[in-house]
1. So, of the residues in the stretch 68-85 that are part of a loop (DSSP other than H, G, I, E, B) and under 19 Å from the mean Cα position of the chain (by Cα), which turns out to be farthest from residue 44 (Cα to Cα)?
2. Would you confirm, using the coordinates I've provided, whether residue 65 is part of a loop (DSSP other than H, G, I, E, B) and touching a strand residue (DSSP E or B) at 6+ places or on another chain (Cβ under 9 Å)?
3. Being surrounded by fewer than 16 Cβ atoms within 10 Å (Cβ to Cβ) and touching a helix residue (DSSP H, G or I) at 6+ places or on another chain (Cβ under 9 Å) is the filter here, so list the residues in the stretch 502-536 that pass it.
4. Pick from 426, 358: which is surrounded by fewer than 19 Cβ atoms within 10 Å (Cβ to Cβ), under 28 Å from the mean Cα position of the chain (by Cα) and at positive phi?
5. Take the conditions touching a strand residue (DSSP E or B) at 6+ places or on another chain (Cβ under 9 Å), in the same structural domain as residue 575 (by TED's automatic domain parsing), surrounded by fewer than 17 Cβ atoms within 10 Å (Cβ to Cβ) and touching a residue at least 60 places away in the same chain (Cβ under 8 Å) and apply them to residue 409. Does it pass?
6. Whether any residue in the stretch 339-349 is touching a strand residue (DSSP E or B) at 6+ places or on another chain (Cβ under 7 Å) and surrounded by fewer than 18 Cβ atoms within 10 Å (Cβ to Cβ) is what I want to check.
7. Hey, can you tell me all the residues within the stretch 449-466 that are more than 17 Å from residue 385 (Cα to Cα), in contact with a strand residue (DSSP E or B) (Cβ under 8 Å, 6 or more places away or on another chain) and in a strand (DSSP E or B)?
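The values are calculated or read from the model by the stated rules, or taken from the named source; none is laboratory data. Computed from a predicted structure; not experimentally measured. Every residue, glycine among them, receives a Cβ derived from its backbone with ideal geometry; neighbour counts consider all protein chains shown.
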């Protein structure tokens with residue numbers, strides 16, 4: 001339910017927390033004020049407050065962050081935890097006296113609640129009053145926002161009964177009024193002694209829900225919540241032969257699991273999105289392609305139960321508008337425009353799920369079978385009147401097409417129709433047979449280009465076509481979907497052209513020689529995943545070793561020379577596809 005997307009390495013400050021809200025069609029982002037983070041950890045030594053600095057970070061099970069540091073005669077340890085199956089998060093701070101004399105010292109957290117933003121692609125300030133008041137339900141305060149009725153609330157609770165929670169200012173019901181609160185614990189710390197401050201922060205729809213969420217975690221205890229989360233992570237960790245790749249894989253896997261999906265606070269429903277981090281430039285919105293072609297394979301590798309829930313969300317909330325550019329998390333249209341790859345994405349994911357799990361019971365669910373029927377009706381409307389090719393309005397980057405018939409998209413149609421024949425033999429009337437679609441692609445989508453037969457990117461069936469490629473839906477993936485073999489001469493010639501210095505977006509002469517496109521004219525991380533899956537493992541691994549991405553997490557594109565993130569930080573669904581490609585090509 002809760003994400004902490006921006007934790008500062010320099011001082012362990014938590015800049016914000018976010019949660020999904022179905023009634024508001026997106027995500028709320030609870031932030032600090034100006035340069036003040038939402039929650040800052042600090043030390044109290046000699047009666048003076050000291051911010052943390054010079055911290056060293058590690059992760060438990062590739063996810064849970066820990067930090068250590070030193071200040072004067074004290075060693076500092078801290079852990080930030082978002083426990084599984086809980087509605088909130090926890091912070092544990094410890095200082096140990098490593099000096100030779102006793103000292104008056106303490107540790108604390110400073111809350112500065114400055115603003116709340118609603119996020120769906122764009123961030124909009126929520127102009128509503130903030131309240132802070134003493135709680136009947138815990139030993140502290142409730143912080144909430146109301147828009148006539150409650151919108152959300154959060155409440156801290158300390159494990160240590162001698163800790164103090166002090167409201168310093170704010171909470172008088174004004175939107176512009178920053179709220180300040182300190183949580184501290186102080187005492188004389190003897191040499192070798194440790195002082196601990198453990199806080200649980202509960203979140204909920206209103207006061208009671210928030211306070212009891214914190215109380216539930218407190219009753220369970222820090223060790224229980226930590227061990228439960230570690231067990232959950234361990235069940236999903238996958239080890240690759242290379243320790244560096246193992247680290248990269250698992251950090252990106254967990255980022256995909258936690259940031260490409262989430263549970264809404266108000267309705268407790270699973271929702272999917274390209275990224276729930278506000279750092280991603282189109283956060284908290286749903287795309288069929290992103291969730292099902294990129295994130296879903298990684299989820300299916302790691303957690304088949306979650307993969308099934310994802311499919312039920314798609315064939316439930318999202319079913320009415322499958323194939324439309326992007327939608328809100330409640331399934332209503334965000335950005336109009338038809339995309340053929342997105343129309344096919346649910347069928348592809350469903351087929352991969354059944355192949356992996358053998359669970360055919362999902363096929364008999366009314367919402368799933370009716371969803372397949374709806375997809376086929378929409379597909380029929382895109383068919384050429386005489387030829388078994390199907391048109392799209394937008395390309396896999398969501399940009400406008402040049403010509404309506406895309407080779408890659410029609411290969412997905414072929415795959416999907418073949419899958420429906422296997423999943424539902426003889427049950428549905430399809431607008432074309434898989435055989436007819438395949439023959440149409442080989443007949444009409446193969447062109448003479450630079451003296452060799454190659455796949456065109458798109459065409460109009462009136463002798464016009466273009467030479468192009470896009471990492472979000474690349475011609476390089478045709479063998480991955482089983483349309484042709486890697487050594488097919490037409491595919492080999494197509495791949496050679498896309499990767500050659502002749503092609504504008506190949507970056508063939510750069511250190512990171514992966515494919516880009518007009519949407520983001522730099523090498524894409526998705527292109528590295530594509531290369532892994534289509535016979536270019538060694539060069540893809542080399543490029544992967546050269547790029548920083550977004551502090552080790554997948555982003556949209558990187559600088560072709562430095563490997564630093566250029567567009568699309570915190571790209572959760574891309575992180576999933578990168579993981580899947582690594583597992584397929586570098587795993588057992």
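1. 85
2. Spelling it out, it is not the case that residue 65 is part of a loop (DSSP other than H, G, I, E, B) and touching a strand residue (DSSP E or B) at 6+ places or on another chain (Cβ under 9 Å).
3. 508, 511
4. After applying the criteria, what remains is 358.
5. The answer is no for residue 409.
6. No, the stretch 339-349 contains no residue that is touching a strand residue (DSSP E or B) at 6+ places or on another chain (Cβ under 7 Å) and surrounded by fewer than 18 Cβ atoms within 10 Å (Cβ to Cβ).
7. Across the stretch 449-466, the qualifying residues are 453, 454, 455, 458, 465, 466.
For (1) in a strand (DSSP E or B); (2) in the same structural domain as residue 287 (by TED's automatic domain parsing); (3) free of Cβ contacts under 8 Å to residues at least 24 places away in the same chain; (4) closer than 14 Å to residue 294 by Cβ, each residue gets a yes or a no:
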| position | (1), (2), (3), (4) |
| --- | --- |
| 528 | no, yes, no, yes |
| 542 | no, yes, yes, no |
| 545 | no, yes, no, no |
| 565 | yes, yes, yes, no |
| 574 | no, yes, no, yes |
| 581 | no, yes, no, yes |
